[in-house]
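J.: Below is the structure I would like to discuss, written out as structure tokens.
The values are calculated or read from the model by the stated rules, or taken from the named source; none is laboratory data. Fair warning: this is a prediction, and the values are worked out from it, not measured in the lab. A quick note on method: Cβ atoms are made from the backbone with ideal geometry, for glycine too, and the neighbour counts reach across all protein chains shown.
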Amino acid sequence: MSEKNPRRMRMAVVHAALILFGAAIAVRLFSIQLLEGDKWRAKAESVAVAMRDVRSERGHIFSDDDRLLATSVPVYEIRMDMRADGLTDELFNANIDSLSWCLAKLFGDRPMQEYRRSLVDAHARGERYHLLRRNCDHEQLQALRAMPLFRLGRNKSGFIADKHMVRIRPFGRLASRTVGYLLKDSTAIGLEAGFAPWLQGVSGKRLERRLTGGVWMPVDGGEGQDPIPGSDVHTTIDMNLQDVADAALAAQLRKNGAHHGCVVVMETQTGYIKAISNLTLQKDSSYTEDYNYAVGASTEPGSTFKTAALMVALEDGRASMDQVVDTRDGKVRFYDRVMRDSHEGGYGRITLQRALELSSNTGISQVIDKAYRTEPARFVEGLRRLGFGSPLGVRVPGEGMPVLRGPEDKKLWSGTSLPWMSIGYEVSETPLRMLTFYNAIANSGKMVQPQFVHAISRDGKITERFPPVVLNERICSQATLEKLRHALEGVVDSGTAVNLRSAHFRIAGKTGTAQIASDKAGYKVNGISYQASFVGYFPADAPRYTCIIVVSSPSMRGVYGNVVAGPVFREIADKIYSNRLEMQTQLAQADTVFRTPVSFGGNRADLLTVFDGLKIPVQVEGEGEWARTEASDSVVVVSPRAVAGQGAGIMPNVLGMGLRDALYILENQGLRVRLSGSGLVKKQWPAPGTRSMKGATVTLELAT
């Protein structure tokens, strides 16, 4: 018994200790629940509830004519509070079937039974913030609010619609990279980033409660501060012109099998960018905007740089446009390198002006090398005075850094640097910088900064304007400017861009073709990658617009700037001219010798309206609905013409008419029309005056 007693004692002590420990826990629980309950509940509430930031509504981005380029639209996250005050078990059970059926019908992503099971399980768990659907639009939200149970309101149904703003661009890819967008990490690119201080507004505060799983739910009636919406940004972009530029660039890239390209149209006097397009070839052979080459791609510009080289030499008095240079059969050796012209055999002995018009590498490089061989730093300094080697400072993040080395860079400067720089190699500039330089030539020597935004507004009222910014009041003397403008007109009239000549207005500019470093397989011609460009302005005698086109890595149809890039410039210039009545009026008034235009025949009233709007004198003879026109030295003679004067069943005469009037006449007589060509009607078969039957086919051949 003596051995058992100690054991029993130990067991009794352990048993008593366990009883006392359990009793202590019970006492402490009783104390927490009843005596200290209010204290701990308040503390838990303070930990689970916090003031959290609420994003403000971002401002809109508009085009020049107030069309939306970027805007924020609301999307809703639909949730349900299964412990809402008025959501009784009876109410939930009475509506769950009809609610599940409506949800399945509206969204179509899950069957009714799955919706019902999900809702019943969430109700059984008493979830406070059960997710039903993400990314609902406003129309779906209205349908949800009309559903069984949800129509009773938030307190009785637990219906919660959390609003979030999503950024969209209504015009798709048009200028999308320049307008920019917001990334998932809240960073931005393009104007969205450059004008973020105006667009983003001021965040607000909202009282929210943290639920299981780290989800935060707004507290009804909680204190907070409403966010302040952002201001609206008004860009300089003309969407009609943007559409033209984008389509012209895409067509030319596709035709030439190019990897990427860009086009920028600038208003000459203000520097406002009216259109900008940057397109890259994708794996599916489509073109999209995924990089802003015009702003961010700094590359060797090639022959478009020759104008800048000559401007420096002319200003220093070390060259003259009428001096004669020997192109030496198209080959000139500078130390260990050979400079070649694209034209086999060279151009013989030509003036420096002609060398620029024909883009002779040997001609330009010899002049610059002779002028600055002993003072290369003077040449480089002259280029820097023109702005080269420095960023433009535009409000679009990601501007490419220029490269303009001088002889002080001992490691990279050599005896061949000077001649190769003169033709656009061993330097690096963005297309936007080259456009700015040529725009200064068009703008009587005044260099203005490219700008993409002209105003900021709030609540429909302008709060800030961005007037033109002058970077350099005069880049060169008037004498140098006139000589170079004359040569740039010669480039189009009889030089490398003769294919761009227009019958309606004069164009001035410069072609460029540069070999570029590229590791893109499939975008090389004879093992070499090329960059083709054209930069110019129009009308040459009274510039209104300056435009640059750069096409990288063309693989079909050619590599030269006049063939690859030039057609984009021509199409844009033609579209602007045809859609800007004031330009045509300005040119008509600027002509020193009046030249009456050749016009289509057509509706007499329409013709007289056009001539009156263009201030063109006319001589009207006779009357009638239809008329023919004839240009004389001083007036346009408008005289009546017979269209179908010989009665029904006779083929109308539409020769010399435009297509619109011709179709109107022929289709009104029940005839079908087959077309070829463009312009005015040159040939018509069956011939006018012959017998015709309703439903017969008329073939029209059109030509300019």
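J.: Of the residues that sit in the range 622-645 and are in a loop (DSSP other than H, G, I, E, B) and over 30 Å from L671 (Cα atoms), which one is modelled with the highest pLDDT?
T.: V635
Conditions (1) under 30 Å from G194 (Cα atoms); (2) exposed (fewer than 15 other Cβ atoms within 10 Å of the Cβ); (3) in contact with a strand residue (DSSP E or B) (Cβ under 9 Å, 6 or more places away or on another chain); (4) among the aromatic types (F, W, Y), marked per residue:
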position	(1), (2), (3), (4)
G59	yes, no, yes, no
D89	no, yes, no, no
C102	no, no, no, no
A122	no, no, yes, no
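J.: Run down I475, I456 and say which single residue is touching a Gly at 6+ places or on another chain (Cβ under 9 Å), part of a strand (DSSP E or B) and over 17 Å from Q353 (Cα atoms).
T.: Step by step, each of I475, I456 is checked, and only I456 is touching a Gly at 6+ places or on another chain (Cβ under 9 Å), part of a strand (DSSP E or B) and over 17 Å from Q353 (Cα atoms).
J.: Within the range 327-346, track down each residue that is without any contact (Cβ under 8 Å) to a residue 24 or more places away in the chain and either among the acidic types (D, E) or surrounded by fewer than 17 Cβ atoms within 10 Å (Cβ to Cβ) (or both).
T.: Of everything in the range 327-346, those that are without any contact (Cβ under 8 Å) to a residue 24 or more places away in the chain and either among the acidic types (D, E) or surrounded by fewer than 17 Cβ atoms within 10 Å (Cβ to Cβ) (or both) turn out to be D329, R333, V338, R340, D341, H343, E344, G345.
J.: Could you tell me whether Q449 is touching a Leu at 6+ places or on another chain (Cβ under 8 Å) and in the same structural domain as A313 (by TED's automatic domain parsing)?
T.: yes
J.: Taking strands (runs of 3 or more DSSP E) that do not extend beyond the range 158-220, which have at least 3 residues that are loosely packed, with under 15 Cβ neighbours inside 10 Å and modelled with pLDDT of 90 or more?
T.: Result: empty, no element qualifies.
J.: Report yes if S428 is at pLDDT 95 or above and crowded, with 20+ Cβ neighbours inside 10 Å, otherwise no.
T.: Judged against the criteria, S428 is a match.
J.: Are any of the residues in the range 351-374 without any contact (Cβ under 8 Å) to a residue 24 or more places away in the chain and either part of a loop (DSSP other than H, G, I, E, B) or within 24 Å of S298 (Cα to Cα) (or both)?
T.: Yes, some residue in the range 351-374 is without any contact (Cβ under 8 Å) to a residue 24 or more places away in the chain and either part of a loop (DSSP other than H, G, I, E, B) or within 24 Å of S298 (Cα to Cα) (or both).
J.: Still on this model: Could you grab me the full set of residues in the range 375-415 that are of a type in the set (G, A, S), assigned to a helix (DSSP H, G or I) and under 34 Å from the mean Cα position of the chain (by Cα)?
T.: G382
J.: Would you point out the residue of the range 128-150, among those that are in contact (Cβ under 8 Å) with a residue 60 or more places away in the chain and assigned to a strand (DSSP E or B), that is surrounded by the fewest Cβ atoms within 10 Å (Cβ to Cβ)?
T.: N135
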